[in-house]
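A short worksheet on the structure shown next.
The values are calculated or read from the model by the stated rules, or taken from the named source; none is laboratory data. In this text, all values refer to a predicted model and were calculated from it rather than measured experimentally. Positions of Cβ are backbone-derived with ideal geometry, glycine not excepted, and every protein chain shown enters the neighbour counts.
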Amino acid sequence: MRQSIFAVLALIATATSVWAHSKAEDTTPANEATVTTVKAIEMRFDDPMRVTAITMTGPDGDVDVERETGMDAVTEFRAIPPTDLPIGTYTVDWRGLSADGHPMQGTFGFTVAD
Ligand SMILES: [Cu+2]
């Protein structure tokens, strides 16, 4: 009897942690997209994510992006890159804390063309 209660509790805990695991659903620009301008860097999550760090690198190295979203947990994160990004390929790396408190990270990339 006691064992079966623990088994049920373990099942519930597992299901909850799987459900609570946020992930990046999609991004702007889309991963592997080719674009001519980048007005904003956006990431959408299926559950609130506290994005703790975001870095963007391009053909000339690190690019400063200005966070529009603060340190709150959000389902839509937004940051603004400098205008007139040089042509080339870019990578965005982010780190965050999932709704269940687990550290998460992700990366996506895009190309700026003429
Ligand atoms: Cu988790």
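List of remarks:
- Unique match (being within 16 Å of the ligand (Cβ to nearest atom) and in a loop (DSSP other than H, G, I, E, B)) among Asp100, Asp84: Asp100
- Breaking point among (1) away from the ligand (no atom under 16 Å from the Cβ); (2) at pLDDT 95 or above; (3) of a type in the set (A, V, I, L, M, F, W, C), for Ile5: (2)
- Exactly one residue out of Arg50, Arg78, Arg44 is within 16 Å of the ligand (Cβ to nearest atom) and either at pLDDT 95 or above or assigned to a loop (DSSP other than H, G, I, E, B) (or both), and it is Arg50.
- Residue identified as surrounded by 14 or more Cβ atoms within 10 Å (Cβ to Cβ), touching a residue at least 60 places away in the same chain (Cβ under 8 Å) and in contact with a Phe, Trp or Tyr (Cβ under 6 Å, 6 or more places away or on another chain) among Val112, Val92: Val92
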